[in-house]
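Just below is one structure, and these are the notes that go with it.
None of the figures in this text is laboratory data; all of them are computed from the coordinates on show. Please read all numbers here as calculations on a predicted model, not as lab measurements. Every residue, glycine among them, receives a Cβ derived from its backbone with ideal geometry; neighbour counts consider all protein chains shown.
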Amino acid sequence: MFLKTISIALAFMSILGAQVPGIKTVASLSPVPLWPQDGDITRLPKGQYVFYDPPSGEYVVYYAGNTTNSQSAQPTLLRFGTHALVDPKTEFAVASTDNGAFRYTYNISNGSNARQAIQRMSMLIYSDSTPRTSQATWTANVGSSTVRDIAAPTMSAATIDWTPNASSQSIAPGNTVTGFTVDSTSRPGFTTVVFRGATQSSEYSPAAVASLPNDVQEQVAHVFKTAWDTKTGLVIGPRFSKDASQSEIAQNFLFGIQSLIRDEKLDSSSPFIQSTVRLLSAQLESSDPVAKNANNLMLSEAKTGLEAMIANALQTALTQ
Amino acid sequence: VWSGWGNLGSAGGGFATTPSMIVQSNGNTVITAIGADGNLYLDWQSSSGVWSGWGNLGNAGGGLGPIISIPPPPAACTNCCLNYADSGGGANPQAVFAPNSTNTLYAYCENQNTGQVVPCNVSLSTTYYQYTNGHFHNNPPPPVSTVSPNSGYTGNYSNFEMPVTITTTQVGQIESLSVSDDDNGSAIHYDYGIGYLGLVYIDNSNIFYQTGGNKTNHGDNTWNHYMTVNAATGLQRAADFYINFYNPGQKVCINDMALPIGGKFDVCWSSAIGCTDKNGDLIVKPWDSPHISHDQGTAADVAAVVGQCPKNYIVNLNVFKQACINIGGSLSANTITEGNHVHCRWPN
C-alpha cells in the first residue's frame, strides 16, 4: 500500500510519569491498605478484607470468618496476582493512505524496571470503523468494548485486543515489539490504551471467591477492575467518525495535550502548544468552527516529533 | 386466584376504541381508550390495587389520528438509539469517585525492582483537566477535589503507608492526583473521574429530537443527553405512548438531561446565560447552578417552545407530564411543568 506520509517522525511517550535514571524507590498508590510487611495480622482494620502486598505483587484476601463465631471459624487466606507491574512506553505514527484511510503504527516497549512482561494491549477505537490489523507475532481481535472511557464519554467505542501468539513473545522488561499497525477509515484523535502484565501468581476470578461473603467479594472485584489492575496511556489512534462534532475533537485534543504536559512530554510554554490550546479553548467556549487558517498556523509552529504528530492529527481530524 | 370481572365504568360518552392495557415494571396497570368525544382517557391501578379513576388527557392536532397499538415495554430500547452498552461502565480505565464523597487511598514508597516498602517523604496534590465532561467554560475555574493530608513521612505510619482522603466536589470532571517521592524527586500521576457511571446516551431517533445544546456552554447536543437506564426506559415509554396515542407522527423534543458522567449541571455559570429565579432576578452561580435534579441522570426536560423545537414537535405539556408519571413511572411529586417544558424526574 502506498503511504502518503503526513509525518515521518515517530512520537515518543511514556505512561504514568517520567522515570529518573538511578532512582531506586518510587512513590506509589494503593486502593487498599498494605498487607503487614512484618507479618503481624493482629491489627488488620475491621471490615477490610483485601490488602496489597508490594513485594509479591499480589492482592491478599484475608477473611477470619463469622465474627460471632470466630473461635470455630477457619480464616481464609488467598493471594491473587496484579497485572499492573508493567512500564509501557509507546511510539506511534499516523499516515494517510491513497484510498482516504489512515495507517496507525505503534512500537511498544516495556521499561527495564518493569516487574512483569506485557501480555495484552487493548486500544479503544471508534466503533464504526472497520480496522485491519497486523503484527507478526501478536494477534488482534476487534470486538465491542466493555470499557467506557470517562475521558471520552461520548465515544462509541470498540476495542482492539492484541495478545502474543506465544507467551515467549510477550514484551519482557527492557524489550520492544514493533510493527503493530491498524488501517482504518476513522480519523485520528487521542485514545486510551490499556496494558496488562503477566503474573506468576494465581489468577483472580469471581469463582475463586464465590464462597466468601458478598462484601468480601465486592472488595476483591474492586481492585481487579481495569482502573487498578492495569496501566493505561494515551496514543493517537482511530478515534473519530467523519461526522464527529468539532466540540468532540477539540475536547479530545485538549485532554490529550494536557495529559502530555502533565507527564512532561510536551512543553506548555512552546508556541505551538500555547496557540493550539488557545484556539481549541476558544472553539469550545464559543462553539464556533475552528478557523481554517488556524490549522496552517498550528502546523507552522509545531516542532518536529510529538508536536508535529499532534498538529497533523488535529488538522486531519478537523478537516477531512 | 382471580377476582372476577369488576366494572371500571367508562368516560367521554363511551369508548370509541377497545381499551388497551399495559402492566408497568413497577406493577402498575394502565388502561387507555379514546372516548366518543375524541379525547384520550386513562385509568391506572397502582400495585396496591387502587384504581385512579378515568382521567381525561384531551387531544391534539385536530383530533386523534389512526390508532397504533402500543408496543410492549422495552426490555432494551429498540427504537430510540439508547446505547445500553454504555451502562456497563465497570471496566472503565480510570477510577471514578462519586460527587461529594470521601475516598481513602494509601500512599507509600517502594523499591522499584523488588517492591519492598520503604519509608519516605511524600507530597500529594490534585488538579483538573480543563473542558471535560461537557464543561466548556473555565472562568472561574471549577472547584477541585482536595487530598488530605497533602504531605507526610510514611515512616510515621503503620506499614509505612500513609492513608489519604480524597474529598470530591459536586462537579463531574476528570482530575489527576500527583504523588511525589520527595526524597528522590520521582512522581506518579493518577487520573480519576468525578461522577457516575452507568448513564446512557439518548440520541436523535424516530421518536426523539435533541435540543438545548450550544446554548449554555455545556457543549452541543452530544453532551447534555445522558440518563440512567431506568430513567431512559421510562422516558422512552412515555414518548412511545404519547406519539402512538396522542399525536402520531410527531417527535418528542428532549432538552437537558445530564452530562456524560453526571455531576453538577451548571447552566447558570454566567450572567450571559440569563438564568432567573422565581422572582425574575438574575442568577449567576458558577459551578453551583439550581439545576440540581439533573446531576444524577434521573431527569429530562421535554421542551415545548418554538425555537428549541420544530413547530410540529411541540408537545402538550400536561399530557406528557401524565405520560411520564403514569406510563413512564416518573415521580409524581417531582414531575412538573416549568414554563416552556415539562420536567420528568425518576427515582435516584
Along principal axes, largest first, the alpha-carbon spread of region B:234-294 in whole Å comes out as 41, 29, 17
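Give the Kirkwood hydrodynamic radius (Å, one decimal) of region B:195-348, defined as one over the mean of 1/r across all pairs of different Cα atoms. List each step's numbers first, then the result.
Values: mean 1/r = 0.0652 Å⁻¹.
Value: 15.3 Å, from the Cα pair sum.
Highest mean first, how do B:320-326, A:170-176 rank when packing is the count of other Cβ atoms within 10 Å averaged over residues?
So the order, starting with the most tightly packed, is B:320-326, A:170-176.
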Across B:Ile314, B:Ile31, B:Ile336, the residue with the highest GNM fluctuation in chain B (Cα network, 10 Å cutoff) is B:Ile31
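Mind pulling up the Rg/Rh value for region A:176-224? Radius of gyration and Kirkwood radius, both on Cα.
Values: Rg = 18.1 Å, Rh = 15.1 Å.
Ratio of gyration radius to Kirkwood radius for region A:176-224: 1.20.
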Hull surface over four for the Cα convex hull of region B:211-269, reported in nm², is 4.6 nm²
Rh (Kirkwood, all Cα-Cα pairs) for region B:126-171, Å, reads 12.8 Å
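Please average, across the residues of B:99-110, the number of beta carbons from any other chain that are within 10 Å of each residue's own beta carbon, and give a whole number. All intermediate terms of the calculation are to be shown ahead of the outcome.
Values: counts 0, 0, 0, 0, 1, 3, 4, 9, 4, 10, 6, 9.
What the average comes to for B:99-110 is 4.
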Inter-chain shielding metric for B:204-214, i.e. average beta-carbon neighbours from other chains within 10 angstrom, reads 1
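Can you list the equivalent-ellipsoid semi-axes of region A:217-280, largest first and in whole Å, using the square root of 5 times each Cα gyration tensor eigenvalue? Intermediate results must be reported in sequence, preceding the final value.
On the way: eigenvalues 182, 63, 17 Å².
They are 30, 18, 9 Å, listed from largest to smallest.
Provide A:Glu218, A:Glu248 in ascending order of the number of other Cβ atoms located within 10 Å of each residue's Cβ, fewest first. Could you put the intermediate results ahead of the total?
Working: A:Glu218 13, A:Glu248 21.
With the fewest neighbours first, A:Glu218, A:Glu248 line up as A:Glu218, A:Glu248.
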Rounded to whole angstroms and listed largest first, the alpha-carbon spread of region B:263-315 along its three principal axes comes to 35, 26, 18
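What is the Cα radius of gyration of region B:177-249 over 2.2 N^0.38 Å, N being its residue count? Let's see the in-between values first.
Working: Rg = 20.7 Å, N = 73, 2.2 N^0.38 = 11.2 Å.
In units of the globular-protein estimate, region B:177-249 measures up at 1.84.
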Normalised per residue, the volume inside the convex hull of the alpha-carbon atoms of chain B in Å³ amounts to 182 Å³
If unit charges are put on Cβ atoms (+1 for Lys and Arg, -1 for Asp and Glu) and the dipole of region A:174-320 is taken about its Cα centre, the option from A:Thr181, A:Ser286, A:Thr230 lying farthest towards the positive end turns out to be A:Thr181
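Give the relative contact order (percent, whole number) for chain B; include only Cα pairs under 8 Å separated by 6+ residues. Can you show the working numbers first?
Values: 808 pairs, mean separation 50.8, N = 348.
Relative contact order for chain B comes out at 15 percent.
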Scattering profile of region A:162-320 from the Debye formula, Cα beads only, expressed as log10 I(q)/I(0) at q = 0.12, 0.14, 0.16, 0.20 Å⁻¹, is -0.70, -0.85, -0.97, -1.25
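Divide by every residue of chain B the summed helix terms, -39500 (n - 2.57) for each DSSP H run of at least 4, and state the resulting mean residue ellipticity at 222 nm, rounded to the nearest 500 deg cm²/dmol.
Details: 2 runs with 23 residues, N = 348.
Using -39500 (n - 2.57) per qualifying helix, the result is -2000 deg cm²/dmol.
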Residues of region A:86-116 with backbone N under 17 Å of the label point set 7 Å from the Cα of A:Gln169 along Cα→Cβ are A:106-109
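Just order A:102-111, B:191-200, B:302-311 by mean Cβ neighbour count inside 10 Å, highest at the front, would you? Numbers along the way, then the final one.
Numbers: A:102-111: 20.9, B:191-200: 24.3, B:302-311: 16.7.
Top to bottom by mean Cβ count within 10 Å: B:191-200, A:102-111, B:302-311.
At 0.36 nm per residue, minus the direct Cα-Cα distance, what do A:Lys24 and A:Asp215 gain on full extension? Give it in nm, one decimal, please. Present the calculation step by step, with values, prior to reporting the outcome.
On the way: separation 191, 0.36 × 191 = 68.76 nm, distance 3.70 nm.
Value of the extension gain: 65.1 nm.
In the structure shown, do any of A:Lys89/A:Lys225; A:Lys225/A:Lys265; A:Lys24/A:Lys303; A:Lys24/A:Lys265; A:Lys46/B:Lys264 have a Cα-Cα gap over 26 Å, and if so which?
Numbers: A:Lys89/A:Lys225 22 Å; A:Lys225/A:Lys265 28 Å; A:Lys24/A:Lys303 34 Å; A:Lys24/A:Lys265 22 Å; A:Lys46/B:Lys264 34 Å.
Distance filter (> 26 Å) returns A:Lys225/A:Lys265; A:Lys24/A:Lys303; A:Lys46/B:Lys264.
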Taking every C-alpha to C-alpha distance in region A:73-145 and binning by 10 Å from 0, the per-bin percentages run 13, 35, 29, 13, 6, 3, 1
For the pair B:Ser148 and A:Gln37, the simple spin-label estimate (label points 7 Å beyond Cα toward Cβ) gives in nm 2.8 nm
Rounded to the nearest 10 degrees, the helix B:317-326 long axis (Cα) sits at an angle to the longest Cα principal axis of chain B of 80 degrees
Largest fluctuation, B:Gly213, B:Gly329, B:Gly14 only, Gaussian network model of chain B with Cα springs under 10 angstrom, belongs to B:Gly14
Ranked by GNM mean-square fluctuation in chain B (Cα springs under 10 Å), the top entry among B:Thr154, B:Thr146, B:Thr298 is B:Thr154
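Just tell me how shielded B:182-192 is by partners: mean number of partner chain Cβ atoms within 10 Å of each residue's Cβ, no decimals. Present the calculation step by step, with values, prior to reporting the outcome.
Working: counts 1, 3, 7, 3, 10, 9, 7, 8, 6, 9, 2.
For this peptide, the per-residue mean of nearby foreign Cβ atoms is 6.
How would you classify region B:119-228 from its alpha-carbon gyration tensor, with a ≥ b ≥ c the square roots of the eigenvalues: rounded for a/c under 1.5, else prolate if a/b is greater than b/c, otherwise oblate?
Working: a/c = 3.82, a/b = 2.74, b/c = 1.39.
Prolate, since a/c reaches 1.5 and a/b exceeds b/c.
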